[in-house]
DNA sequence: ATTGGTGCAAATCCTTTGCAATAGC
DNA sequence: GCTATTGCAAAGGATTTGCACCAAT
């Protein structure tokens, strides 16, 4: 992997890895770039597919390991949307998710709103929270419209 | 299955099934009773284990089908806690869940708190919500204590 | 008598593991 | 050179499917 690729594409990642004494590999750089390029959340399989062009021969265990590493590093979120596979999300700012029961698409819901008070209630019970993930289910605007007409 | 079992154990279930033209089977009655007896949420496998005494020969596909039916009927909630298996919860009143990253136990968090405003925000975007499930992750009181000392 | 439910076995899907080869440090 | 990472193949675990039999209506 060339030095300039690292400098252009994955500055924070390189720093984080160095700080932990972990290695900077092309798989890690390319997978992070792909994750960030997407607007929508992706499954490990989708990332593998997308990355195949730049990194032929990449394997699915590597994709899983890399995505889990990113979650640990705070570079990604793992979303359990209740569709078969886990989704990985390059957005790390506070936002939640809406899953359409009909078309299966997943939408972002920006902002924190009242989530804080639930987490506070959790902490009042002695639980030390370090993450909260809300999944709202229902029908997306498109599917709701189609159903009425 | 005897008539009185149905009357004692599963009144609402019987009515719901009749209304939909579905059959009242001993599996459905026993699995619902078991789900309601538990305080903690159970996996399909745990329900199967617990039900084996009253219903020898019950199969895991039946347990899954029955639990999914209950979710559809509003008699149970399915919780995707991010531990391998799905959990089924006989409590249907509003409450959320806390998952301990260390011991893996799952705790109830009662009340609605601010969840409503997030769901309202979802609806403002055109999404028609019919369910919301929050999973808070972190360390439970016991594990947090053990770690400090 | 009909046909919806069930049990069984096997398939499928997602994710993880073991191990030899490779590449980053 | 040392050892973390990788790729491969295979295992593992959860859930679903296909189909013949049974039991509720």
Check your understanding: If you draw the axis that swings chain A onto chain B, which residue of A has its Cβ closest to it, and how far is that in whole Å?
Key -> A:114, 1
Review point. Once a ≥ b ≥ c are taken as the square roots of the eigenvalues of the Cα gyration tensor of chain B, is the result rounded (a/c under 1.5), prolate (a/b larger than b/c) or oblate (a/b not larger than b/c)?
Key: oblate
Exercise for review: First check a/c for region A:6-94, with a ≥ b ≥ c the square roots of the eigenvalues of its C-alpha gyration tensor; if it is under 1.5, answer rounded, and if not, answer prolate when a/b is larger than b/c or oblate otherwise.
Suggested key: oblate
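Arrange the following residues from fewest to most other Cβ atoms within 10 Å of their Cβ: A:107, B:127.
A:107, B:127
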Check your understanding: For chain A, what is the mean residue ellipticity at 222 nm derived from helices alone (per DSSP H run of n ≥ 4: -39500 (n - 2.57); sum divided by total residues; nearest 500 deg cm²/dmol)?
Key -> -13500 deg cm²/dmol
Exercise for review: List the distances, in nm and shortest first, from the label point of residue B:108 to the matching label points in every other copy, placing each point 7 Å from Cα along the Cα-to-Cβ direction.
Suggested key: 3.6
Study note, to complete from the structure: A student applying the Cα gyration tensor rule (rounded when a/c is under 1.5; otherwise prolate if a/b is larger than b/c, oblate if not) would label region A:55-135 oblate
Study note, to complete from the structure: One decimal, nm, nearest first: from residue A:38 to the same residue in each other copy, label points 7 Å out along Cα→Cβ, the values are 3.2
Exercise for review: Run through all the Cα pairs of the protein assembly as shown and give the fraction in each 10 Å bin from 0, expressed as whole percent.
Suggested key: 5, 22, 28, 25, 14, 4, 1, 0
Exercise for review: In nm, give the distance between the simple-model label positions of residue B:59 and residue A:101, each being 7 Å from the Cα along the Cα-to-Cβ direction.
Suggested key: 2.8 nm
Exercise for review: Compute the label-point distances linking residue A:68 to its equivalents in the other copies; points lie 7 Å from Cα along Cα→Cβ; give nm, one decimal, shortest first.
Suggested key: 2.8
Review point. Between region B:76-98 and region A:29-86, what is the C-alpha centre distance in whole Å?
Key: 27 Å
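What percent do you get for the relative contact order of chain A when only Cα pairs under 8 Å and 6+ apart count? Could the numbers behind the result be given before it?
Numbers: 160 pairs, mean separation 24.8, N = 149.
Relative contact order of chain A: 17 percent.
None of the figures in this text is laboratory data; all of them are computed from the coordinates on show. Bear in mind that the values here come from a model prediction, so they are computed numbers and not experimental data. Because the Cβ atoms are built from the backbone with ideal geometry, glycine has one as well, and the counts that use them run over all protein chains shown.
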